[in-house]
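Below is one structure, written out as structure tokens, with a few remarks after it.
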Amino acid sequence: MRFPNGQEVIQVFEKLAPKSLAMDGDKIGLQIGTLQKPIKKIMITLDVLEDVVDEAIVKQVDLIIAHHPVIYNPLKTVITDNPSGRIVGKCLKNDITVYAAHTNLDVAIGGVNDLLTVALELEDTEVLVPTFEDSLKKLAVYVPEDHAEKMRNVLGSAGAGYIGNYSHCTFNSAGTGTFLPNDGANPFIGEQGKLEHVAEVKIETIFPGSIQNKVINAMLKAHPYEEPAYDIYPLENKGPTLGLGRIGVLKKEMTLKEFAEHVKSSLDVSGVRVVGDLGSIVRKVAVLGGDGGKFWSKAKFKGADVFVTGDIYYHVAHDAMMEGLNMVDPGHNVEKVMKQGVQKYLQSFITEKKYDTTVITSQVHTDPFQFM
């Protein structure tokens, strides 16, 4: 049986949701326990409540990855007679590690807000509230001709070569590489003391600066040479913009009433709060998981017909209504879409590495609200 170390699991997860994307002051990262251990079972959850920890104990979970931090406000004491203390105590007693990814998972490409747009079937989406602009860099790498196709595929799979709706974009130029293997060299082509002339291809591609280590490591692993030749250039081109929320369009327009029903079924909730004329037509939709009421003016400015977010306050609803912006509040708990999304992402890593780790989602219902 083969199992990854906890550090390896989190390193892979943070490629999806880098800590650098989190909002200032957000309580993310390792919260309880240690990552220096084999991980046999991972459980993905939205919230870390006591019932969730009890579930993890029964299912013999080693690592909980949560969206909402279990320790958001610093604990001065850990007393097991109160709920927060019991959660920490049970995790420590049963060697359950807890890791939280909050706003970094909201902002991330493929994170909470992208998963919500997929569920709502939105098209032509873009960021609603920009919070982070990545840099762009160019990689030029020189490979033997018969390894060029493999290298292009490896770079594309690592995230390089994305321009708009196109992926695996490269420019290739043929030439001759020369090198002289010296004492101690173990050349893939040629022999020590003899100048070699090799037909090579120079592959050029761009990548976001935030994934430089991932791209370079993938390139080095795929390159046949003992000492690959490559260059990295900073670019002044504008990189990808990341942020909170998304805005896009429905495949076909609906009335606000029809859209509210669409939200209920798509996000698996028993009820929603609606602000606006139920007969009005909506096509352009803004969505922001969690408590996004303070961003309603952003949705209005970008031309949204309706804004889907949780925890809408009374006076915020009045302000939006007076400005002609419809709102649908399905609750904060719809961020549960992250459970299946993160499970799928980590399961792909487990399968690729042929580990025997199991990745499950919590089945505990953590929404504190009920519709009567």
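The values are calculated or read from the model by the stated rules, or taken from the named source; none is laboratory data. These figures come from a predicted structure and were not determined experimentally. Please note: Cβ atoms are built from the backbone with ideal geometry, for glycine as well, and neighbour counts cover all protein chains shown. Heads up: the accessible areas ignore ligands, DNA and RNA and are worked out on the full protein's heavy atoms, side chains in. Shrake-Rupley method; radii C 1.70, N 1.55, O 1.52, S 1.80 Å.
For (1) β-branched (Val, Ile, Thr); (2) touching a helix residue (DSSP H, G or I) at 6+ places or on another chain (Cβ under 6 Å); (3) more than 27 Å from Gly310 (Cβ to Cβ), each residue gets a yes or a no:
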{"site": "Gly111", "(1), (2), (3)": "no, yes, no"}
{"site": "Leu115", "(1), (2), (3)": "no, yes, no"}
{"site": "Ala119", "(1), (2), (3)": "no, yes, no"}
{"site": "Val127", "(1), (2), (3)": "yes, no, no"}
{"site": "Lys137", "(1), (2), (3)": "no, yes, yes"}
{"site": "Ala140", "(1), (2), (3)": "no, no, yes"}
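Scan segment 310-323 for residues that are touching a residue at least 24 places away in the same chain (Cβ under 8 Å) and either part of a strand (DSSP E or B) or open to solvent by less than 70 Å² (accessible area, probe 1.4 Å) (or both) and jot them down. Those that are touching a residue at least 24 places away in the same chain (Cβ under 8 Å) and either part of a strand (DSSP E or B) or open to solvent by less than 70 Å² (accessible area, probe 1.4 Å) (or both): Gly310, Ile312, Ala317, Ala320. Please find, among Lys27, Lys40, the residue that is in contact with a Ser or Thr (Cβ under 9 Å, 6 or more places away or on another chain) and of a type in the set (Lys, Arg). From the options Lys27, Lys40, the qualifying one is Lys40. Among the numbered conditions (1) farther than 27 Å from Lys339 by Cα; (2) open to solvent by less than 60 Å² (accessible area, probe 1.4 Å); (3) among the aliphatic types (A, V, I, L, M), the only one that Ala158 does not meet is (1). Scanning segment 26-74 for residues that are out of contact with any helix residue (DSSP H, G or I) (no Cβ under 6 Å at 6 or more places or on another chain), assigned to a strand (DSSP E or B) and not aliphatic (A, V, I, L, M) turns up Gly29, Gln31, Pro38, Lys41.
Of all residues in segment 324-357, those satisfying the criterion of being of a type in the set (Asp, Glu) and surrounded by 14 or more Cβ atoms within 10 Å (Cβ to Cβ) are Asp329, Glu335. Apart from one condition, Asp124 fits all of (1) in contact with a strand residue (DSSP E or B) (Cβ under 7 Å, 6 or more places away or on another chain); (2) assigned to a loop (DSSP other than H, G, I, E, B); (3) surrounded by fewer than 16 Cβ atoms within 10 Å (Cβ to Cβ); the exception is (2). Please tell me if Pro4 is at pLDDT below 95 and either under 22 Å from Gln343 (Cβ atoms) or over 20 Å from the mean Cα position of the chain (by Cα) (or both). No. Of all the residues that make up segment 1-17, how many are open to solvent by less than 60 Å² (accessible area, probe 1.4 Å) and either in a helix (DSSP H, G or I) or closer than 11 Å to Gln36 by Cα (or both)? Number satisfying all stated conditions: 10.
Has segment 132-150 got at least one residue that is within 16 Å of the chain's Cα centre (by Cα), at pLDDT 95 or above, among the acidic types (Asp, Glu) and surrounded by fewer than 21 Cβ atoms within 10 Å (Cβ to Cβ)?
No - not one qualifying residue is present in segment 132-150.
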